[in-house]
Every structure is written in C-alpha cells, then in structure tokens.
Amino acid sequence: MNILVLIKQVPESQAIRMDETTGTLIREAASSVINPLDLHALECALQLRDQSGENSRLDCLCMGPTAATAVLKEALALGADQGILLSDRAFAGSDTWCTARTLAAGIEQLGEYDLILCGERATDGETGQTGPALAALLDLPVVSFASAIQAKPGGWEVRRLLEDGYETVEIDGPALICVLKEASVPRLPTLQGKRKARQVEVRIINASGLNLPLEDTGLKASPTRVTTIFKPSHFKQCERISAHDPAGAEQAVDRIIHLLCEKGVL
C-alpha cells in the first residue's frame, strides 16, 4: 500500500500579517507549523500503513518555500518514509486552483498511490478547496469531512461528518480523502524518529522538474484574487442601566428595548 499525505506549512495563527497590496499572507513575518488538520491526516496514514504490513510506503508532499522542509522533517520524525517539497519562486501566490494544478503535476512525477490524504482545510485560507480540486485533476473519487477511515479489500470505508449526524461511504480503488480532527489523535515524535528525520534528505522538485507550464502557476495564473483586505475597526460603547425597584426595572426594560430597536437588533 502506497499512501501520500499532503502537508501545508502555515503561519501560527497568533502571528498572521497580511500584505494589503497583494492580498496574500506575509509568511516571513511569523513562525510556521504544520497545518493542524494535516497532522490528523498524517496520523490516519501512519495507522493505515502500519496495519497493512511491511511493503507499505508513506510519503508526504508539500508545496512552499525551501523553509517548508522544516515541516516535512517534522513529518519524517513522526514516521513518514519520504518528504517531497515542490518549491519555486514561480509558485508564489498561487490560489487553491493553481496550488492543486502544481500538486497534481508533482504527484504525476512521483507515481501512483493507493490513497491520498489531506486536512479538510488549512488555517491560513479556510477554503477547503485544494483537496477536491486536486482529486478532480487526478480523476480520483473524493470524500470530504472524513471522521474515520478503514481499509477494505480493494478500497476504503469512510465515515463522514454531516450537519445532522454521520454517513458511511465505501470507495473502490485509489481515492483522495479530506480529514477532520475527529479522525485521529496525532502522536508525538520519538527520539528515534527525530534522529531518523535528521538523516533523511527532503527531496526538492522545482518548476523545471514538473510537466507544468510556468504560465499556469503562481499569482498571475490564479483565477481567484483577494481584492481588498483591511483591519476591522474596534469600537466599544457601554451604557449601564440600573434598577433598584419594580418601577425602575420597568423603565430599565423599556430603555433596553429602545436601544435594541435603535441599533436595528429588534
């Protein structure tokens, strides 16, 4: 069984800054981590690989700057067999569609996988579009909002979280599954895993190593753009309404209703 986990390097949520001109994140201004939901996808993959036997392989693929080798090293420390980074200045500023096209080109270079896993969404975008878009480009069935995954003969059984409960889906053959945090509890790296990660080199593939025209990558090729970003204004106003007797309480209620109507709440 060959499994691929897509990993994204994201800025820590408390340190996010935006470039108001380009509408993109200033990633250099914040320390970076593995996208939290990708850790849950990686844990699912580790469990599936370990259950399937010695002939299984688990690769992790990331698209980003060379600094993203750090998150792939973390994935190796957790138990992944190989880390691959798609890195080129031409990829900078890609939206979800261009990201999916670049990832698809990278996967075509790596070979076939029985299962591709990714987090349901990334904390720096919250769109949840890259996984399904990638599945469409690779012509794979996709299951989103996965809360549990089991290997079955010739395919997979996936439990999906719905608004009003769960549903179980069975898929034949290779598939792409987008994982929720309910699917697993990520493990911590061991000392042995950290030693292994230091010894294993991350494979880096640039634009020239992909069968993808440069005009189909990056910010200029992205069909979606952030047109405007701004910092929300913070305005606080407080009016204290007191009542010390029944008559005062009635007046206080009338005052509250008046204020709510004035603000358009009622």
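The values are calculated or read from the model by the stated rules, or taken from the named source; none is laboratory data. Quick caveat: nothing in here was measured; it's all calculated off a predicted structure. Glycine also receives a Cβ, built like all others from the backbone with ideal geometry; neighbour counts cover every protein chain displayed.
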With the structure loaded, tell me whether E167 is among the acidic types (D, E) and modelled with pLDDT of 95 or more or whether it fails that test. yes
Hits in the stretch 191-210 - residues which are touching a residue at least 12 places away in the same chain (Cβ under 8 Å) and assigned to a loop (DSSP other than H, G, I, E, B): V200, V202, N206, L210
Of those in the stretch 33-75 that are crowded, with 23+ Cβ neighbours inside 10 Å, assigned to a strand (DSSP E or B) and within 14 Å of the chain's Cα centre (by Cα), the residue modelled with the lowest pLDDT is I34
Hey, any hits in the stretch 92-111 for a residue that's of a type outside the set (D, E) and closer than 12 Å to A175 by Cα? no
Picked from the stretch 112-140 (must be among the small types (G, A, S) and part of a helix (DSSP H, G or I)), the residue surrounded by the fewest Cβ atoms within 10 Å (Cβ to Cβ) is A136
Testing Q109 on (1) crowded, with 22+ Cβ neighbours inside 10 Å; (2) over 12 Å from the mean Cα position of the chain (by Cα); (3) under 21 Å from L58 (Cβ atoms), one condition comes back false. Which one is that? (1)
All but one of (1) touching a Pro at 6+ places or on another chain (Cβ under 9 Å); (2) at pLDDT below 95; (3) of a type in the set (G, A, S) hold for G125, so report the exception by its number. (1)
If we scan the stretch 118-130, do we find a residue that is among the acidic types (D, E), within 17 Å of V179 (Cα to Cα) and without any contact (Cβ under 8 Å) to a residue 60 or more places away in the chain? yes
Looking at the stretch 144-177 only, could you name the residues that are surrounded by 12 or more Cβ atoms within 10 Å (Cβ to Cβ) and either part of a loop (DSSP other than H, G, I, E, B) or touching a Leu at 6+ places or on another chain (Cβ under 8 Å) (or both)? F145, A146, S147, I149, A151, W156, L161, P174, A175, L176, I177
Give me the pairs: first residue in the stretch 92-112 and in contact (Cβ under 8 Å) with a residue 24 or more places away in the chain, second residue part of a helix (DSSP H, G or I) and among the acidic types (D, E), beta-carbon distance under 9 Å, and six or more apart or on different chains, which are they? C98/D216; R101/D216; T102/D216; A105/D216
Yes/no for Y113 being closer than 23 Å to Q82 by Cβ and of a type outside the set (A, V, I, L, M, F, W, C): yes
Restricting the stretch 221-266 to residues that are among the basic types (K, R) and assigned to a loop (DSSP other than H, G, I, E, B), the residue that is farthest from T96 (Cα to Cα): R240
